[in-house]
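Trainee: Just passing along the structure, written as structure tokens.
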Amino acid sequence: MELQGMDNLNGKTLSILFFGDIMGKPGRKAFISMLSSLKEEFAADMVIANGENADDGSGITPAVMNELFAAGADVLTTGNHIWGNEDIFPVLNRESRLLRPANISSCVPGHGSGLFEHGGCTVAVLNLIGRVFMPPCDCPFQQAEEEIDRLLALTPIVVVDFHAEATSEKQALGWLLKDKASAVIGTHTHVQTADESIAREKAAYISDAGMTGPVRSVIGLDPDKTLKAFRKEIPMCFYMAKGECAVQGVHLLLDAQNGRALKITRINRPFKTRKPWKS
Ligand SMILES: [Fe+2]
Ligand SMILES: [Fe+2]
């Protein structure tokens, strides 16, 4: 579905593809296989994807990160699962294209935001994480206010990945940033929502971009094993689901001069595998 905002008055636009959490090897395969055709279809200047689950459902390794960059991802955002594989910790400090949430302890490695040059524009990407039903972190609203003012002094284009569980918390952050951000995109639940909107002030919004991963699953995990874990109250392990995938996310069309959202389009494309995945 495509939602159109205000007309573009000055003609120059910026086209950004944003993909929801890439889930394990099946999700990577779907993302890598379909990215070039989606970039062509939407004439994308920039690709942002959430990579917190890209390594077998939890975390991301340096090799997996490089695989996603080589496939065409320009920036990888993350969330609570960025800490699932410690091999990535030293990389977080030196790889500016890999972000972790900004509103966590300054003791942890990495960066919560970055500036990137695409389509003749400077694009700021800010990664935040929620506090409702999530591990402890600093206030995302306070951090958002501090960071976005700093970033807006450098560029009018700021795309926010708000990695959070509660729709109410996501909508509240969207409201806070409606006149400052170009887009506030929710991630983490792995379920795409149908509430995309464009604020009259500036920002595009969706509560969750969805997941790039196995469809016949419980948020990307093996459904039988996950059901068993719930019924037996056994602490969850990550067993990736297999089979057909969907590539989910949004396309953003922005006014390149003032960062205002012109259009947001949900993406939900099937990716059929020829044979079941071996984990
Ligand atoms: Fe996730
Ligand atoms: Fe998450």
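Trainee: For the chain, set up a GNM with springs between Cα atoms under 10 Å and report which of 139, 237, 121 has the largest fluctuation.
Mentor: It is 237.
Trainee: Output the relative contact order of the chain, whole-number percent, from Cα pairs under 8 angstrom with separation of 6+ residues. Working shown, then result.
Mentor: Details: 714 pairs, mean separation 62.1, N = 279.
So the answer I get is 22 percent.
Trainee: Please compute the length gained on full extension between residue 37 and residue 89, using 0.36 nm multiplied by the number of residues separating them and subtracting their Cα-Cα distance. If you can, show how the numbers build up before the last one.
Mentor: Values: separation 52, 0.36 × 52 = 18.72 nm, distance 3.23 nm.
So the chain would gain 15.5 nm between residue 37 and residue 89.
Trainee: If you don't mind, there's one more thing I want to ask. By per-residue mean of other Cβ atoms within 10 Å, what is the highest-first order of 106-113, 265-272, 244-251?
Mentor: Top to bottom by mean Cβ count within 10 Å: 244-251, 265-272, 106-113.
Trainee: Residue 130: net charge of surrounding residues, Cβ under 10 Å, Lys/Arg +1, Asp/Glu -1, itself excluded?
Mentor: 0
Trainee: Please give me the summed charge of the neighbours of residue 201: other residues whose Cβ is under 9 Å from its Cβ, Lys and Arg +1, Asp and Glu -1.
Mentor: Values: positive: 178, 180, 200, 202, 260; negative: 179.
Here the charged neighbours net out to +4.
Trainee: Would you compute, from DSSP H runs of 4+ residues alone, the mean residue ellipticity of the chain at 222 nm, taking -39500 (n - 2.57) per run and dividing by the full residue count, rounded to the nearest 500?
Mentor: After summing the helix terms and dividing by residue count, I get -7500 deg cm²/dmol.
Trainee: Right, next: Can you tally the net charge around residue 151? Count Lys and Arg as +1, Asp and Glu as -1, for every other residue whose Cβ sits under 15 Å from the Cβ of residue 151.
Mentor: On the way: positive: 150, 180, 202; negative: 117, 145, 146, 147, 149, 161, 179.
Spelling it out: positives minus negatives among the neighbours equals -4.
Trainee: How far is it, in nm, from the label point at residue 154 to the one at residue 107 when both lie 7 Å from their Cα along the line to the Cβ?
Mentor: With each label placed 7 Å out from Cα toward Cβ, I get 2.7 nm.
Trainee: Something else now. Tell me, what is the Rg over Rh of region 82-211, with Rh the Kirkwood radius over Cα pairs?
Mentor: With Rg and the Kirkwood Rh in hand, the quotient comes to 0.95.
Trainee: Seen from all sides and averaged, what is the projected area of the convex hull of the Cα atoms in the chain, in nm²?
Mentor: Approximately 13.8 nm², given one-decimal rounding.
Taken together, the values in this text are just the output of simple stated rules run on the coordinates, not laboratory data. Computed from a predicted structure; not experimentally measured. Because the Cβ atoms are built from the backbone with ideal geometry, glycine has one as well, and the counts that use them run over all protein chains shown.
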